[in-house]
Amino acid sequence: MRPGTQVWAKVEGYRWWPAVVLDPADHRDEMRDAPKMPDRSKPVLVRFHHTEDIGFMAPSKVLDFAEHVREKSVGGKKGGGFAQAVAAAKAALGMGTDASNGTGVDREGQNQNQNQNQNQ
């Protein structure tokens, strides 16, 4: 994944959380501490929205934010800054927030900004 990509990242014991992929070249000190992945893949360096924590993720634990916003934004405990983290990722992508369901995705599963562009 490319630096700047908005993603969902999964840490064991926590729900999927919005994050942004970081450029390893800008974080050389952190990269020296990167864990070895069991499948020999390169870890993905991310910064979690709202908490600002940085983590190394197995590629299998990182999903595209926009593609999975509907399924990952619902359910689970909403505390701990989750809503703010989702809003930050949406803002970075220029996605609106649907007041009725809070996901920025209409009931048909389409990004609201895409719907607006099609109606013009």
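The values are calculated or read from the model by the stated rules, or taken from the named source; none is laboratory data. Not measured: the values here are computed from a predicted model. Note that we place each Cβ from the backbone using ideal geometry, even for glycine, and neighbour counts take in every protein chain shown. Note: accessible area is taken over every heavy atom of the protein model, side chains too, but ligands, DNA and RNA are not part of it. Shrake-Rupley method; radii C 1.70, N 1.55, O 1.52, S 1.80 Å.
Across the stretch 85-102, what is the total count of residues that are modelled with pLDDT of 75 or more, surrounded by 13 or more Cβ atoms within 10 Å (Cβ to Cβ) and over 10 Å from the mean Cα position of the chain (by Cα)?
5
Could you check, for the stretch 64-84, whether at least one of its residues is assigned to a strand (DSSP E or B) and either closer than 25 Å to Pro3 by Cβ or modelled with pLDDT of 90 or more (or both)?
Yes, some residue in the stretch 64-84 is assigned to a strand (DSSP E or B) and either closer than 25 Å to Pro3 by Cβ or modelled with pLDDT of 90 or more (or both).
Taking only the stretch 16-45 into account, find how many residues are in contact with a helix residue (DSSP H, G or I) (Cβ under 9 Å, 6 or more places away or on another chain), part of a loop (DSSP other than H, G, I, E, B) and modelled with pLDDT under 95.
Number satisfying all stated conditions: 6.
Out of Arg32, Arg47, I need the residue that is more than 17 Å from Glu12 (Cα to Cα) and open to solvent by 60 Å² or more (accessible area, probe 1.4 Å). Which one?
Arg32
May I ask you to list the residues in the stretch 10-32 that are over 20 Å from Leu93 (Cβ atoms) and either without any contact (Cβ under 8 Å) to a residue 40 or more places away in the chain or touching a His at 6+ places or on another chain (Cβ under 8 Å) (or both)?
Hits for the stretch 10-32 are Glu12, Gly13, Tyr14, Pro24, Ala25, Asp26, His27, Arg28, Asp29, Glu30, Met31, Arg32.
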